[in-house]
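The values are calculated or read from the model by the stated rules, or taken from the named source; none is laboratory data. Keep in mind the model is a prediction, meaning the values are calculated, not measured. We place every Cβ from the backbone using ideal geometry, glycine too, and count neighbours over all the protein chains shown. These accessible areas exclude ligands, DNA and RNA; they are computed on the full protein's heavy atoms, side chains included. Shrake-Rupley method; radii C 1.70, N 1.55, O 1.52, S 1.80 Å.
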Amino acid sequence: MSRAALLVLFLLAATAPGRADVTNLVANGSFEISLDRPGLPDHWSAAGNRAISQQLTLETGRDDKRCVKLACTEFAGDGPDFHVMLCQVGQVSVHRGQWYRLTFWAKAEGIKAGAVEVALTDTRRWENAGLDEGFLPGAQWQPFEFLFRAGAELPAVASRLQFWFRGTGLLWLDDVV
């Protein structure tokens, strides 16, 4: 094989996307799909105690496509379900010991608690599945990235990917991968 042919093969192999680059375990992370409930992103929902006034809506995102907005106007109470939460249930599967990367864009306004938390939870035992982080979104869109190692086998059916905070405020998310 000629040097030129070897060089072309090497360049193709080096620039070819790997499996991690093409597989998004998050369903509708772009928030573009809204068929099941018009005006709401498919595969996503708000969760928390009914005493908390929270609303999930679709808006124009950072790239003029869709993003999701989670708004809380009233927050009172204390307990494990007193939170403002955007979650995806039954979609994300991870394998024990394997490394994963979660990336997304976020911005916020007036979040009284300050920090927003993100986690992947095993709903069979309500245990953390390896991802449990906090981040501080500002008023402008900014990217966030977290590397985590799955602590156990987690089938999609038992998973909950969750973004949450405790208090009033607004959170926008876009391009969750």
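Before we move on, is Thr103 of a type in the set (Val, Ile, Thr), at pLDDT 95 or above, under 30 Å from Pro38 (Cα atoms) and touching a helix residue (DSSP H, G or I) at 6+ places or on another chain (Cβ under 8 Å)? No, not satisfied. For segment 94-147, the tally of residues that are part of a loop (DSSP other than H, G, I, E, B) and either open to solvent by less than 90 Å² (accessible area, probe 1.4 Å) or farther than 12 Å from Leu173 by Cα (or both) stands at 19. Sub-8 Å Cβ pairs linking a first residue in segment 136-163 that is aliphatic (A, V, I, L, M) and at pLDDT below 95 to a second residue that is in a loop (DSSP other than H, G, I, E, B) and open to solvent by 30 Å² or more (accessible area, probe 1.4 Å), at least 6 apart or interchain, are Ala152/Arg96, ordered by first then second residue. Being within 21 Å of Asp122 (Cβ to Cβ), touching a residue at least 60 places away in the same chain (Cβ under 8 Å) and of a type outside the set (S, T, N, Q) is a condition met by at least one residue of segment 44-64. In the set Glu117, Glu127, only one residue is at pLDDT 95 or above and in contact with a Gly (Cβ under 6 Å, 6 or more places away or on another chain); that residue is Glu117. Among the residues of segment 60-81, are any under 13 Å from the mean Cα position of the chain (by Cα) and surrounded by fewer than 18 Cβ atoms within 10 Å (Cβ to Cβ)? No, every residue in segment 60-81 fails to be under 13 Å from the mean Cα position of the chain (by Cα) and surrounded by fewer than 18 Cβ atoms within 10 Å (Cβ to Cβ). The number of residues in segment 121-153 being at positive phi and out of contact with any Leu (no Cβ under 9 Å at 6 or more places or on another chain) comes to 1.
Scanning segment 149-172 for residues that are hydroxyl-bearing (Ser, Thr, Tyr) and open to solvent by 20 Å² or more (accessible area, probe 1.4 Å) gives a single hit, Thr168. Of all residues in segment 50-93, those satisfying the criterion of being out of contact with any Phe, Trp or Tyr (no Cβ under 9 Å at 6 or more places or on another chain), part of a strand (DSSP E or B) and under 17 Å from Gln140 (Cα atoms) are Thr60, Ala71.
For Phe31, state whether it is at pLDDT below 95, assigned to a loop (DSSP other than H, G, I, E, B), among the aromatic types (Phe, Trp, Tyr) and within 17 Å of Gln162 (Cα to Cα).
Details: at pLDDT below 95: no; assigned to a loop (DSSP other than H, G, I, E, B): yes; among the aromatic types (Phe, Trp, Tyr): yes; within 17 Å of Gln162 (Cα to Cα): yes.
No; evaluated as a whole, the condition is false for this residue.
Take the conditions (1) hydroxyl-bearing (Ser, Thr, Tyr); (2) at pLDDT below 95; (3) under 19 Å from Ala27 (Cβ atoms); Thr168 misses just one of them, which is (3).
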